[in-house]
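The values are calculated or read from the model by the stated rules, or taken from the named source; none is laboratory data. These numbers come from a predicted model, not from an experiment. Don't worry about glycine lacking a Cβ; one is built from the backbone with ideal geometry, like all the others, and counts go over all protein chains shown. What goes into the accessible areas is simple: the full protein's heavy atoms, side chains included, and nothing from ligands, DNA or RNA. Shrake-Rupley method; radii C 1.70, N 1.55, O 1.52, S 1.80 Å.
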Amino acid sequence: MTVALVTGASRGIGEATAVGLARRGLDVVINYRDKQARADRVVERIRAAGGQAVAIRADLTEPAAVESMVARTVREFGRLDRLVLNASGGLERDAPADYATQLNCVAQVRLADLAVEQMTSGGRIVFVTSHEAHFHGAGETLSEYAPVAASKRAGEDALLERAPGYAERGVSLVVVSGDLIDGTITAKLLDRARPGLIEQRRAEAGYLPSVDTFAAEVVRATLAAGPDPLILVGETRPVPDR
Ligand SMILES: NC(=O)c1ccc[n+]([C@@H]2O[C@H](COP(=O)([O-])OP(=O)(O)OC[C@H]3O[C@@H](n4cnc5c(N)ncnc54)[C@H](OP(=O)(O)O)[C@@H]3O)[C@@H](O)[C@H]2O)c1
């Protein structure tokens, strides 16, 4: 049996990834921060299709909660083989000033380090990010998203720095980056801040990936033997003149 922990799996891309992994026969931990009813619905969806899943609440910025989530995963499933670092944030109203950095960088590394301790050779960590973050610094970034982009790029860099140490233990790291994903809450929030953004990006790029398309790539990155260390989904042309 292969066991995967997917962070932020109560909705959106994390949910679609968790369901996709369960369909491929993995036991899945549905991590969420807050929305228990939504996480429980994802678990029910997986169990109804004959899969195994459990929902575990843990705010990734709280070290004790994260330790207890990893311990419970190993207690309930006996192992941990795959970690999908999908949860992300920083656009929330009233969040502390350093919340984006704490969640998108510090917490990602903390959880990856804890997970690697549990993984055996062949383990995999997948870091999910956006082109705005992955290419941060290479072109213009939406001002509303800039602190999130910078913190996610810092998280990616910190993980890449640790990747050789993970590799010594037989654990590989894959980064999956996507363009704006059609139909997500994040895209809608950005569109509200910058009216017309979604249609502008769709016109520039020619198309926008859907949640299912993007999640399918995350599933592939999680399961493939010897995948590319970086998978880019959607159009990567920098956006001119924002
Ligand atoms: N949306 C896009 O257009 C887009 C494009 C490219 C890449 N991506 C990447 O895809 C990933 C998922 O994006 P999304 O738009 O699907 O996200 P989302 O809809 O905002 O979902 C966020 C998920 O993360 C959880 N979460 C938030 N803060 C957390 C915390 N502190 N601790 C634990 N869990 C937390 C939420 O749990 P609760 O429900 O309990 O709050 C929820 O399950 C991100 O890494 C993002 O950068 C997104």
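Miscellaneous remarks
- Checking each residue in the range 110-135 for being within 14 Å of the ligand (Cβ to nearest atom) and β-branched (Val, Ile, Thr) picks out Ile125, Val126, Val128, Thr129.
- Gly50 vs. criteria at pLDDT 95 or above, at positive phi, touching a strand residue (DSSP E or B) at 6+ places or on another chain (Cβ under 8 Å) and not aromatic (Phe, Trp, Tyr): no
- Restricted to the range 90-109, and to residues there that are within 12 Å of the ligand (Cβ to nearest atom) and modelled with pLDDT under 95, the residue that is most open to solvent (accessible area, probe 1.4 Å) is Pro96.
- Contact map, the range 83-110: first residue closer than 18 Å to Ala64 by Cβ and charged (D, E, K, R), second residue more than 8 Å from the ligand (Cβ to nearest atom) and assigned to a helix (DSSP H, G or I), Cβ cut-off under 7 Å, separation 6 or more or different chains; pairs are Arg110/Pro63; Arg110/Val66.
- Breaking point among (1) in contact with a helix residue (DSSP H, G or I) (Cβ under 8 Å, 6 or more places away or on another chain); (2) under 23 Å from Ala112 (Cβ atoms); (3) not hydroxyl-bearing (Ser, Thr, Tyr), for Asp157: (1)
- Each residue in the range 1-39 was checked for being open to solvent by 10 Å² or more (accessible area, probe 1.4 Å), within 9 Å of the ligand (Cβ to nearest atom) and not charged (D, E, K, R), and 7 pass.
- Screening the candidates Asp191, Asp179 for the property of being among the acidic types (Asp, Glu) and open to solvent by less than 20 Å² (accessible area, probe 1.4 Å) yields one hit, Asp179.
- Every residue from the range 42-78 that is more than 17 Å from Val19 (Cα to Cα) and in contact with a helix residue (DSSP H, G or I) (Cβ under 7 Å, 6 or more places away or on another chain): Arg57, Ala58, Asp59, Leu60, Thr61, Pro63, Val66, Glu67, Val70, Val74
- Of the residues Thr222, Thr184, the single one that is out of contact with any Asp or Glu (no Cβ under 8 Å at 6 or more places or on another chain), crowded, with 20+ Cβ neighbours inside 10 Å, hydroxyl-bearing (Ser, Thr, Tyr) and modelled with pLDDT of 95 or more is Thr222.
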